[in-house]
Amino acid sequence: MDAFAALIEELDQSTGTKRKIDLIAGHLQQADAHDAAWTVLLLMGERRKRLITGRRLREILQQASAMPDWLFDDCQSHVGDSAETLSLLWPQLKSDIGGGIHNPGVTIWINQLGHSPPMHWWMEQLLPAVAAMEAEEQSSTVLAIWESLPNDRLFLFNKLLTGGFRIGVARGLVVKAIATGFNLEEALVLERLMAPADASEHWFRALTAAASEERGNRGPVPYPFFLASPLKPETIEDTAPSEWWVEHKWDGIRGQLIQRESGAYLWSRGEELINEQFPELIEMASAIPADTVLDGEVICWAESEQQPRPFSDLQRRLGRKNVGRKLRLECPVSFVAYDLLERNGQDLRSAPLQQRLEQLSAVQQRMDVNTAGWRCRLSSGQQLEHWDQLNRLRQEAVEQGAEGVMLKHLQSPYLSGRKRGHWWKHKRDPMTLDAVLIYAQAGRGRRANLFTDYTFALWEKQTESTSNPQLVTFAKAYSGLNDAEILELDRWIRSHTRERFGPTRSVEPELVFEIGFEGIQASKRHKCGLAVRFPRILRWRSDRTADSANTIEDARTLCDQVVKRTSSL
Amino acid sequence: MNVLERTDSGLYCRAADAWIDPSRPVSRALITHAHADHARPGCGEYWAVDISEGVLRQRLGRDITLHSMPYRQEFWLNQACLSFHSAGHVLGSAQIRLMVEDQVWVVTGDYKRCPDPSCEPFEVVPCDVLITEATFGLPIYAWDTGKRVATEIRDWWHADRERPSLLFCYSFGKAQRLLAELNAIGVEEEVLLHGAVETVTRHYREAGVAMTASRPVSELPRKDSLVGRLVLAPPSAHRSAWMRRFRSPQTAFASGWMAVRGARRRRGYERGFILSDHADWQGLIRTVLESGAERVYVTHGQSDVMARFLRERHGLDAKPLDQLN
Ligand SMILES: [Zn+2]
């Protein structure tokens, strides 16, 4: 556990990707395989069952101390995380609590803790045992563990116990670290990670075994997805247009449909099995010859309609555990196939795209039309002739309900992860700016007790005088954050309020959000001289500080570009 | 009778006809310390502690009218007997004691209770009414000694000698405390300073504070890679053009706010060192109790929380300062 704690601390304190990879790789090489399995799962944020709630943990500390409830609340809303709050409070409160926590059952655990037990002991023995205890025994055990731990371990213990451990290491980073540390191809590591994981010595050894070993039947295990990067025209303008295949970039979710003798499996890009959300596609798959693997887009698209439905229709189904008849009718789904990864059990990923496309069309022709029908569509595409065509094709794609176009090299193999050079996405011009949150207001209805209406500002650089740059109101936005983010932001707002004006609060100008919008134009009615259409929050830029947000000048430039574009049409 | 009242310009003492740390220009200002949110330019005359004079004039102007007093010396302004008492916050920081008739009020200004080799320790001043700050008035805040933190900083700096180490901290007070704490643990290697830190450090050297040797970064040749050097700079220099001079530095921020992980993340520093020149929770409570005050007003930061705790747990007549009238 000491080594794991040290790794977490070092990861937390380093910002470079390379450094993080080296730290993880070095740790995994040294660690016991059983412990290493746990490390990999925890770093990847694999969901574990919650052992104890944060609320219960707080109750334990509160019952033992004389600290009033409201003071706990204030601390927690200031810190934002109950496990962290408790780790900060325990050192203050422990002298008041002291004695009374000795109990023979507890002593056994504490004695073992004294011999720096391995990580899997924590994860498989101690934590589950604590979670299963009766209330009183649980309280005294948790208190005794806190008592015996050094202050800088409290946070880790509390986080592991409440199951909320997230260190913020990207999955791709862990993959790179395993590949580096054990001399493997990243693609192979990705593939192996797609098999069901369990935190065992056996699993970790299989994950990191040398590459030469025979691979058996993949069964339901998907191939790692190959991802496209945003197009940088200058990187390909020297190539011949005819080397490229152009097809629509649909606004659905990426899916890999595997058909085996044993059944069909639909995987999302997040490597989740989504059979239950899309039963119609699983039925459809029975028309596909066995041992075929398709890559494509899951999208809402009715049989008789020319265009797919907007993403929001698909979203209604994604949230459901079970999809009923009504939803099936209202949001009909379809699978748009655009690549073939396996045919007759043969892995085609190293074949050029052109060949894979030919074979894909052959597979589709052999499908039983009565069963598959419109639910499996072949993505229509074309070979590019001139570079000037590209923007027109993109415009047409957008008019037909797509996000833009994909540009794929006809000789490209099917790689894994995001590798530049072969696949590009060319979406409609995004309009986004990074803005600073300056006001918040409570929402209405279901969200009346939460701050959900936000006002964002951009910097106005003072030129003539020496005075500091000012933040000027730019847009209001109500949507775009998920529930967890709304809660986190709500807490932050409460503890960073500067002033209150009725229901509105001004907050410390610290947080940056990426704001997307549909249009921008000059406006005399707005303080910043600009008005935007349909502003929404695209994401919380927690990687940015307020001084790096965009300026009003940036917004004006965007506005000028829009004017130029429309007048040139 | 109230010795102090709240006005638009800040706390006012009618008996002395003077404002304490006024927020806008007034005829007569009593200054607790030279931080920008306490000492503002444009007042008719200033009263402050003698050793704060250098920084004060640098920040408010050479030719302000300044009456400087040593700590603990009583002086009269009209009907009020006043004196400055060390607050342990930064060089020359003071609590202000005001005695009018037989009532004693004390305004703490910013203060801390941990030892600090760069300024005089906090003095307990008994009073009837205490006005205290509560910037870090939550029990999650508990400080380690400066010595411990300085050791962590030295280890962080020495662990990576292949990059420059940029440590961000407030340019007045924190930076000099760091130099003094590093000196106290035996660091002899020269530390480099951003210009804003350098100008204040000069006044500390004049006051005879023992600190590690230092030099402005600007004095080094531009070609110097600064690899392995420790550099102190104000937070405003983080991600500024000034930082381009350093190739892939390791960065850290020294502040009490670093106690909370989220605060560190949001500011985008790799490492946070928890070092504050304000009192922590225990320090605040201890100060209130030791003053013997029966009435307490709390200002800055967690004033509601602190006041409520003092009322409920210690039975004091404690309120947020905005309820003084
Ligand atoms: Zn101050």
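Quick rundown of the values:
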{"quantity": "Residues losing 30 Å² or more accessible surface upon assembly, region B:288-325, compared with the chain by itself, 1.4 Å", "calculated": "B:Val305, B:Arg308, B:Phe309, B:Arg313"}
{"quantity": "Protection proxy ranking, peptides A:235-243, A:391-399, average beta carbon neighbours within 10 Å, highest first", "calculated": "A:391-399, A:235-243"}
{"quantity": "Value of relative contact order over chain B, rounded to a whole percent, pairs C-alpha under 8 Å and six or more apart", "calculated": "17"}
{"quantity": "Magnitude of the charge dipole, the protein assembly as shown, Cβ model with Lys/Arg +1 and Asp/Glu -1, debye to 20", "calculated": "1800"}
{"quantity": "Those trypsin sites (Lys or Arg not before Pro) in region A:456-525 that DSSP places in a loop and that have at most 16 other beta carbons within 10 Å", "calculated": "A:Lys461, A:Lys524, A:Arg525"}
{"quantity": "Cα→Cβ-extended label distance, 7 Å offset, between A:Arg392 and B:Arg286, nm", "calculated": "8.0"}
{"quantity": "Other protein chain Cβ atoms within 10 Å, averaged over every residue that makes up B:263-272", "calculated": "5"}
{"quantity": "Paired Rg and Dmax values of region A:46-162, which use every Cα atom, in angstrom", "calculated": "13.6, 38"}
{"quantity": "10 Å binning of all Cα-Cα separations within region A:226-427, expressed as whole percents from 0 upward", "calculated": "9, 36, 37, 17, 2, 0"}
{"quantity": "Area hidden from solvent between B and A (accessible, protein heavy atoms only, 1.4 Å, total, Å²)", "calculated": "2400"}
{"quantity": "Share of carbon and sulfur in the accessible heavy-atom surface of region B:146-273 [1.4 Å probe, %]", "calculated": "46"}
{"quantity": "Ordering of B:302-309, B:97-104 by burial proxy (mean other Cβ atoms within 10 Å per residue, highest first)", "calculated": "B:302-309, B:97-104"}
{"quantity": "Shielding of A:3-15 by partner chains, average beta-carbon count, 10 Å", "calculated": "2"}
{"quantity": "Distance from region B:175-218 to region B:14-78 (C-alpha centre basis), Å", "calculated": "26"}
{"quantity": "GNM result for chain B, Cα springs below 10 Å: residue of B:Thr151, B:Thr32, B:Thr132 fluctuating most strongly", "calculated": "B:Thr151"}
{"quantity": "Alpha-carbon gyration tensor eigenvalues x 5, square-rooted, for region A:327-384, Å", "calculated": "24, 14, 11"}
{"quantity": "Of A:Lys18/A:Lys476; A:Lys18/A:Lys408; A:Lys94/B:Lys112; A:Lys232/A:Lys461; A:Lys176/A:Lys427, pairs whose Cα-Cα distance is over 32 Å", "calculated": "A:Lys18/A:Lys476"}
{"quantity": "Residue mean of other protein chain beta carbons inside 10 Å, A:29-41", "calculated": "0"}
{"quantity": "Magnitude of the charge dipole, region A:431-567, Cβ model with Lys/Arg +1 and Asp/Glu -1, debye to 20", "calculated": "600"}
{"quantity": "Which of A:Leu231, B:Ala184, A:Asn158, positive extreme of dipole for the protein assembly as shown (C-beta unit charges)", "calculated": "A:Leu231"}
{"quantity": "Share of carbon and sulfur in the accessible heavy-atom surface of region A:395-534 [1.4 Å probe, %]", "calculated": "47"}
{"quantity": "Chain A, relative contact order in percent, only Cα pairs under 8 angstrom and at least six apart counted", "calculated": "12"}
{"quantity": "At least 40 Å² of accessible area lost relative to the chain alone, listed for region B:220-253 with a 1.4 Å probe", "calculated": "B:Arg239"}
{"quantity": "Most mobile of B:Arg247, B:Arg72, B:Arg24 in a GNM of chain B (Cα contacts under 10 Å)", "calculated": "B:Arg247"}
{"quantity": "Drop in accessible area of at least 40 Å² in the complex versus isolated chain, residues of region A:42-72, 1.4 Å probe", "calculated": "A:Trp70, A:Leu71"}
{"quantity": "Where chain A is the region considered: accessible area per residue in Å², 1.4 Å probe", "calculated": "49"}
{"quantity": "Dipole of region A:35-155, positive direction: furthest Cα of A:Gly80, A:Gln92, A:Trp70, with charges on the beta-carbon", "calculated": "A:Gly80"}
{"quantity": "Residue-averaged [θ]222 nm for chain B, counting only DSSP H segments that reach four residues, each worth -39500 (n - 2.57)", "calculated": "-7000 deg cm²/dmol"}
{"quantity": "Cα radius of gyration and Dmax for chain B (Å)", "calculated": "20.4, 65"}
{"quantity": "Sequence-separation-based contact order of region A:46-162, relative, with Cα cut under 8 Å and 6+ spacing, percent", "calculated": "43"}
{"quantity": "Cleavage-rule hits (trypsin sites (Lys or Arg not before Pro)) in region A:246-298: DSSP loop, at most 16 neighbouring Cβ within 10 angstrom", "calculated": "A:Arg269"}
{"quantity": "Share of Cα-Cα pairs in region A:431-567 lying beyond 25 Å, as whole percent", "calculated": "26"}
{"quantity": "Among B:Ile31, B:Ile140, B:Ile51: highest mean-square fluctuation, GNM of chain B, C-alpha pairs under 10 Å", "calculated": "B:Ile140"}
{"quantity": "Rounded to whole Å, sorted largest first: equivalent-ellipsoid semi-axes of the protein assembly as shown, Cα gyration tensor", "calculated": "57, 34, 27"}
{"quantity": "Portion, in percent, of the accessible area of region A:46-162 that falls on carbon or sulfur, probe 1.4 Å", "calculated": "48"}
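The values are calculated or read from the model by the stated rules, or taken from the named source; none is laboratory data. Predicted, not measured: the structure shown is a model, and the values here were computed from it. Here the Cβ is made from the backbone with ideal geometry for all residues, glycine too, and neighbour counts use every protein chain on show. With ligands, DNA and RNA removed, areas are computed over all heavy atoms of the protein, side chains included. Shrake-Rupley method; radii C 1.70, N 1.55, O 1.52, S 1.80 Å.
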